[in-house]
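The values are calculated or read from the model by the stated rules, or taken from the named source; none is laboratory data. Note that the structure is a prediction, hence the values are computed from the model and not measured. Glycine gets a Cβ as well: all are built from the backbone with ideal geometry, and neighbour counts include every protein chain shown. Remember, those area values only see protein heavy atoms, side chains included, never the ligands or the DNA or RNA. Shrake-Rupley method; radii C 1.70, N 1.55, O 1.52, S 1.80 Å.
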Amino acid sequence: MPRVVFEPARPADDAALRRLLADSPMEGPIRIAFEREPSYFHAVQVQGRFTQVVLGRDTRHGALAGVGSRTIKPAFVNGEARPIGYLSDLRLLPAYRGGTLVARGYRLLREMHRDGRTDLYFTVIAAGNRPALTTIAAGRAGLPAYRDLGRFHSPAVNLGGPRPPIEVGVEIVRGSPARLPGIVECLNEHGRAKQFAPVYALEDFRPGGWLRDFQVEDFYVALRAGRVVGTLGRWDQRGFKQTRVVGYAGPLRMLRPILNLGAPWLGLPRFPPPGGRLESFYAAFVAVEGNDVAIFRALLRRLYNDAVGTGHAYFLIGLHERDPLVAALADYRCSPYDGRLFAVHFDDGEGAFRRLDGRVPHVEIATL
């Protein structure tokens, strides 16, 4: 009998799953752990309406060896709304790497895929995650096909001092229940022009919706003659998702105290000590009529200025390298963090992949 068995996660596994994530930091100059307190399942629920979490359990002592999740959500593919899958949260503790567990896990994914909910998935792999890029994304026998769709920028935009407002002939207002129909219409109308953009409904943003801790008042809305022509949301997820610094490596380990002394004058946030959290929020729900960079710059500037002095060190935003809106990020001091966006499919999804047209991809970073 294999010493690791795969099984669906249960509510009783919540604490063990949270511990697994805390014990699986991302390596780099800043070693960070993505935590999910107080509930792993609260965080998973914002990924989509249907989610399956599978864990690997060591039968010798019952401890977890790894985890992965499969989510199905509605998204625009070639301009049409359809279900699409998202593969995420793949973690395997070091002691279990190098064996057959990954291949066994994907065999289980293939079995789950037979429910027919979708024939096409996407995932994002950190650009610096060489083990994943050279194994699961390298077309190994028995694994699904990973098709590279390009670089996905998800920088941390550092919050310094306030900046001059940007006037571009639109009015920037906050969201309200009365404006919600126009906001959702804008999200879907302009999301349709991009590949994999989420499909939204009014109830998603109302109390009890699946977008935990996001209120309609957290929207920034660009109006032209009373019509919604752009949206941007400020989504603080610290109530269920946190980023903790495990440690520093290389020159940054020695330079951190010096850099922190100069941070106020450079307009940069301070690096927290090991064990401290990086205080941030997401700039989410990006939709702009005609990909008008000027409108997006005005929205982003209003969100930025409102966030200064609120205790956040930075905010995260996600845009594909081909997205024209990326140009607006040049206005700010950013700490870069890139991933590779992949379409993923089994044999029955090759046709769906080949039919993808040339639209710029857009996936919502706040639900990854």
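This table checks each residue for (1) under 20 Å from the mean Cα position of the chain (by Cα); (2) hydrophobic (A, V, I, L, M, F, W, C).
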| residue | (1), (2) |
| --- | --- |
| Pro181 | no, no |
| Pro198 | yes, no |
| Phe240 | yes, yes |
| Arg253 | no, no |
| Pro257 | no, no |
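Of these, Arg130, Arg163, Arg151, which one is at pLDDT 95 or above, within 21 Å of the chain's Cα centre (by Cα) and under 30 Å from Pro269 (Cβ atoms)?
Values: Arg130 fails: at pLDDT 95 or above; Arg163 fails: within 21 Å of the chain's Cα centre (by Cα).
None of the others qualify; the one that does is Arg151.
Which of the residues spanning the stretch 323-341 are part of a strand (DSSP E or B) and in contact with a helix residue (DSSP H, G or I) (Cβ under 9 Å, 6 or more places away or on another chain)?
Matches in the stretch 323-341: Arg340 only.
Just a yes or no: is a residue in the stretch 37-53 more than 17 Å from the chain's Cα centre (by Cα) and of a type in the set (Lys, Arg)?
Looking for residues that are more than 17 Å from the chain's Cα centre (by Cα) and of a type in the set (Lys, Arg), one finds none in the stretch 37-53, hence no.
I'd like to know if the stretch 99-120 contains one or more residues that are touching a residue at least 40 places away in the same chain (Cβ under 8 Å), in contact with a helix residue (DSSP H, G or I) (Cβ under 6 Å, 6 or more places away or on another chain) and either surrounded by 15 or more Cβ atoms within 10 Å (Cβ to Cβ) or among the polar types (S, T, N, Q) (or both).
Yes - at least one qualifying residue is present in the stretch 99-120.
Among (1) more than 23 Å from Arg224 (Cβ to Cβ); (2) part of a helix (DSSP H, G or I); (3) open to solvent by 50 Å² or more (accessible area, probe 1.4 Å); (4) touching a residue at least 24 places away in the same chain (Cβ under 8 Å), where does Gly311 come up short?
Every listed condition holds for Gly311 apart from (2).
Go through Val288, Val293 for me and flag whichever is closer than 20 Å to Trp235 by Cβ and touching a helix residue (DSSP H, G or I) at 6+ places or on another chain (Cβ under 7 Å).
Working: Val293 fails: closer than 20 Å to Trp235 by Cβ.
Going through Val288, Val293 in turn, just one is closer than 20 Å to Trp235 by Cβ and touching a helix residue (DSSP H, G or I) at 6+ places or on another chain (Cβ under 7 Å): Val288.
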